[in-house]
1. Using amide H atoms built 1.01 Å from N in the peptide plane, name the residues 5+ places from G72, or on other chains, whose amide H lies under 5 Å from its own.
2. Could you check how much of the accessible area of the range 13-94 is carbon and sulfur, as a whole percent, using a 1.4 Å probe?
3. With only alpha-carbon pairs counted, each pair once and no self-pairs, how large is the Kirkwood hydrodynamic radius of the chain in angstroms?
4. In whole Hz, what ³J(HN,Hα) sequence does the range 58-65 give by Karplus (6.51, -1.76, 1.60; θ = phi - 60°), x for Gly and Pro?
5. Give the relative contact order (percent, whole number) for the chain; include only Cα pairs under 8 Å separated by 6+ residues.
6. Take the chain, connect every pair of alpha-carbon atoms lying under 10 Å apart with a spring to form a Gaussian network, then pick out the residue of D84, D59, D39 with the largest mean-square fluctuation.
7. Counting heavy atoms of the protein chains only and a 1.4 Å probe, report the per residue accessible area for the chain as a whole number of Å².
8. Could you give me the ³J(HN,Hα) list for the range 82-91, computed from phi with Karplus coefficients 6.51, -1.76, 1.60 and θ = phi - 60°, whole Hz, x at Gly and Pro?
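The values are calculated or read from the model by the stated rules, or taken from the named source; none is laboratory data. Computed from a predicted structure; not experimentally measured. Please note: Cβ atoms are built from the backbone with ideal geometry, for glycine as well, and neighbour counts cover all protein chains shown. These area figures cover heavy atoms from the full protein model, side chains too; ligands, DNA and RNA do not enter into them. Shrake-Rupley method; radii C 1.70, N 1.55, O 1.52, S 1.80 Å.
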Amino acid sequence: MPPTLPSGTCKLKIWALANATSNAMKINPKWASVAAEEDPAGATLQAEGTSTITWAAGDNDQYKELKVTLDGDTVVAGEMIVMDLTFEDTSTTLAVTSTYHVAVIWE
């Protein structure tokens, strides 16, 4: 994170791409803020809960956007966000290859 946090709400922005015209991907970001000289393996990741990206007719090969508010832990200026972006099996129906671009933003 930057040395001074911007104003607004910290969010995870996920852009998803698949050659799909139906079905859904379930994603559950689990994360923690980790300081320099801290062992990230010892961090307790906090789950944000499962969110859904859904494809419908005409959505094939078009980016889908999902924003998740990061409030499971506290974002700290100058620290690193350690994340396990978990793709849930339960209720996921997307059966094609998909790709994801992830960024941290403030809104």
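1. Amide H neighbours of G72, under 5 Å, 5+ apart: none.
2. On the way: 1980 of 4420 Å².
Taking all protein chains in place, the range 13-94 shows 45 percent carbon and sulfur surface.
3. 14.9
4. Working through the residues one at a time gives x, 8, 4, 6, 10, 5, 9, 10 Hz.
5. 49
6. With Cα springs under 10 Å in the chain, the top fluctuation among D84, D59, D39 is at D39.
7. Values: 6070 Å² over 107 residues.
It amounts to 57 Å² per residue over the chain.
8. 9, 9, 10, 7, 8, 9, 7, 6, 5, 6
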